[in-house]
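*Asks:* Structure in structure tokens, see below.
The values are calculated or read from the model by the stated rules, or taken from the named source; none is laboratory data. The model shown is predicted, which means the values in this text are computed figures rather than measured ones. All Cβ positions, even for glycine, are placed from backbone atoms using ideal geometry, and neighbour counts span all protein chains on display. Side chains included, ligands, DNA and RNA excluded: accessible areas come from the protein's heavy atoms. Shrake-Rupley method; radii C 1.70, N 1.55, O 1.52, S 1.80 Å.
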Amino acid sequence: MIIQAFLRWVETAKASERASAASALGRAYAEAAVNGIDRQAAEMAMTFLLDDPSPKVRRSLAEALADCPIVPRSIIKVLAQDQPEIAYITISRSPVLNDDDLVDMTAEGGAEMRAMIASRSAVSCAVAAAIAEIGGEEEVLILLENPGAGLSPGSLRRIADRLGDSVAARGLLLERHDLPSDARQILAEKVGAALAASDLVRAVVGEGRAQRVVRESCDAAALTLSSASAREELQRMVAGLRKAGRLTPALLLTALCSGRTEFFSAAIVDLSGVPEKRVRSILSGGRFHSIRALLETAGLGPEVSGVFSEAVLFCQCEADADHDGVSPSVAARLSDRLRRRSRGAYHVVAELAERLAFAEQRQRARNYASLSRQAA
């Protein structure tokens with residue numbers, strides 16, 4: 001009877017009075033366990049208020065019900081589709097909306113709705129993955145800034161791939177300690193592409209040199225990141241580089257000469273399709289011809305596969321000798337070997353080996369100078 005009287009009163013009451021009543025009704029419903037209110041009748045009254053012409057009334061109802069875990073989903077879902085300020089109250093707070101609801105709303109709603117979902121105090125990995133997959137820059141930035149968002153490694157990779165060109169997104173991603181190394185490599189490639197396309201950079205150093213410097217910097221980043229990568233991350237990094245056409249002979253030789261044998265092995269596995277166990281066995285203990293056959297299976301031509309095979313043998317020697325600092329000896333020995341040959345087909349490889357050897361020599365000189373200053 002009370003609810004019936006309420007419905008009759010609503011028809012003639014002012015908007016401000018209806019808003020106050022909607023708030024009182026919603027709070028009473030949320031506390032139904034202690035005040036004995038007729039729940040079914042209250043739900044009927046709240047459903048009626050969803051059609052109230054005044055946004056103030058619907059907003060009051062949304063605020064009263066936003067944190068209630070027992071309100072019918074049908075009511076909450078209607079409020080979530082209301083005007084932005086009403087929808088925000090509901091979407092950002094209601095515990096009634098489950099992952100399925102939020103994923104559907106992410107897919108069917110616009111950028112504004114996805115931003116509301118991204119700002120919830122707790123965003124599950126499933127919901128965050130949906131936003132990472134289709135969300136625009138603004139929604140994803142909200143997600144990255146939300147400490148309650150559960151972002152899986154896969155979602156972080158997807159964001160890096162989709163929005164790594166955004167300076168703001170890159171900054172937030174790189175600040176995260178849980179960012180996978182292969183995602184960091186994606187961002188390094190994005191930065192490199194941006195620098196190579198910069199009119200200022202090309203004007204200062206020239207387009208050709210800019211491309212080379214950027215490429216070498218990205219190669220160095222990939223090799224550095226590979227050292228701290230788990231096996232699965234390393235495999236994904238290598239696969240991504242291959243798809244982008246970045247698993248070049250120059251990168252592979254740099255990996256060998258800098259002692260990044262794990263990266264080199266993963267690259268050969270990816271390029272050749274030979275089982276990992278077999279690849280590791282050949283690279284760590286195989287002879288020249290078996291190594292060369294493996295490398296040619298991976299796509300290295302006969303004109304360079306012999307040089308790479310020699311570099312692999314140098315790495316084996318260094319590993320057997322249990323030396324630290326593999327890079328200088330491998331690069332220097334390879335450079336010296338190629339210097340005594342007719343450059344011909346080896347010209348590019350010989351130049352690269354010489355540059356790597358000289359870079360190691362310069363680094364040793366810097367280290368020596370630094371130690372000398374400290375001793376003084």
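*Asks:* What full-extension length gain, to one decimal in nm, is calculated for residue 336 and residue 178 as 0.36 nm per residue of separation minus the Cα-Cα distance?
*Replies:* 52.6 nm
*Asks:* Given contacts defined as C-alpha pairs under 8 Å and at least six residues apart, what's the relative contact order of the range 44-176, whole-number percent?
*Replies:* That works out to 16 percent.
*Asks:* Can I ask one more? Whole-Hz Karplus ³J(HN,Hα) for the range 72-80, in order, using 6.51 cos²θ - 1.76 cosθ + 1.60 and θ = phi - 60°, x for Gly and Pro?
*Replies:* x, 4, 4, 5, 4, 5, 5, 5, 5
*Asks:* How much length is gained on full extension from residue 145 to residue 243, taking 0.36 nm per residue of separation minus their Cα-Cα distance?
*Replies:* 32.2 nm
*Asks:* Compute a Gaussian network model of the chain, connecting alpha carbons closer than 10 Å, and tell me which residue from 232, 138, 318 fluctuates the most.
*Replies:* Comparing 232, 138, 318 in the GNM, the peak value goes to 232.
*Asks:* Another question, if that's okay. R0 = 25 Å: FRET efficiency of residue 12 with residue 41, Cβ-based, nearest 0.05?
*Replies:* Once the sixth-power term is evaluated, E becomes 0.80.
*Asks:* Over the Cα atoms of the range 131-271, compute the convex hull volume and normalise it per residue, giving Å³.
*Replies:* Taking only Cα atoms, the range 131-271 has a hull volume of 113 Å³ per residue.
*Asks:* For residue 204 and residue 359, FRET efficiency with R0 = 22 Å and r from the beta-carbon atoms, rounded to 0.05?
*Replies:* Efficiency, from the Cβ-Cβ distance: 0.50.
*Asks:* Based on the Cα atoms of the range 1-159, what semi-axes does the equivalent ellipsoid have, where each is the square root of 5 times one gyration tensor eigenvalue, given in whole Å with the largest first?
*Replies:* So the equivalent ellipsoid measures 34, 15, 11 Å along its semi-axes.
*Asks:* While we're here: Name the residues of the range 84-102 whose amide N is less than 17 Å from a point 7 angstrom out from the Cα of residue 32 along the C-beta direction?
*Replies:* It comes to 95-97, nothing else.
*Asks:* Please check: in the Gaussian network model of the chain (C-alpha springs, under 10 Å), which one of 71, 330, 140 has the largest mean-square fluctuation.
*Replies:* 71
*Asks:* Another question about this same structure. Using a Gaussian network for the chain with springs between C-alpha atoms less than 10 Å apart, which of these wobbles most: 27, 246, 157?
*Replies:* 27
*Asks:* In the range 54-107, what percent of the accessible surface is made up of carbon and sulfur (1.4 Å probe, ligands and nucleic acids excluded)?
*Replies:* The C+S portion of the solvent-accessible surface of the range 54-107 is 50 percent.
*Asks:* A follow-up question, please. Counting only C-alpha contacts under 8 Å and six or more residues apart, can you give the relative contact order of the chain as a whole percent?
*Replies:* 7
*Asks:* Restricting to lysine pairs 8 or more places apart or on different chains, what number in the chain have Cα atoms under 30 Å apart?
*Replies:* Here the count comes out as 5.
*Asks:* If you put +1 on each Lys and Arg Cβ and -1 on each Asp and Glu Cβ, how big is the dipole of the chain around its Cα centre, in Debye rounded to 20?
*Replies:* 1640
*Asks:* Among 282, 263, 92, which residue has its Cα positioned farthest towards the positive end of the charge dipole of the chain, with +1 placed on the Cβ of Lys and Arg, -1 on the Cβ of Asp and Glu, and the dipole taken about the Cα centre?
*Replies:* Most positive-ward Cα: 282.
*Asks:* Which angle between 0 and 90 degrees, to the nearest 10, do you get for helix 347-375 versus the longest principal axis of the chain when only C-alpha atoms count?
*Replies:* On a 0 to 90 degree scale, this one is about 80.
*Asks:* Rounded to whole Hz and in sequence order, give me ³J(HN,Hα) for the range 222-239 from the Karplus expression 6.51 cos²θ - 1.76 cosθ + 1.60, θ = phi - 60°, writing x for Gly and Pro.
*Replies:* 4, 5, 5, 5, 5, 5, 9, 8, 5, 4, 5, 5, 5, 4, 5, 4, 4, 4
*Asks:* Something else about it: In terms of modelled amide H atoms, which long-range or inter-chain residues lie less than 5 Å from the amide H of residue 123?
*Replies:* The list, which skips near neighbours in sequence, is 149, 150.
*Asks:* By the scheme Lys and Arg +1, Asp and Glu -1, what is the net charge of all other residues having a beta-carbon under 10 Å from that of residue 136?
*Replies:* Taking every other residue near residue 136 into account, the sum is -1.
*Asks:* Another question, if that's okay. If the chain between residue 51 and residue 5 were fully stretched, how many nm would it gain, using 0.36 nm times the residue separation less the Cα-Cα distance?
*Replies:* Contour length minus Cα-Cα distance gives 14.8 nm.
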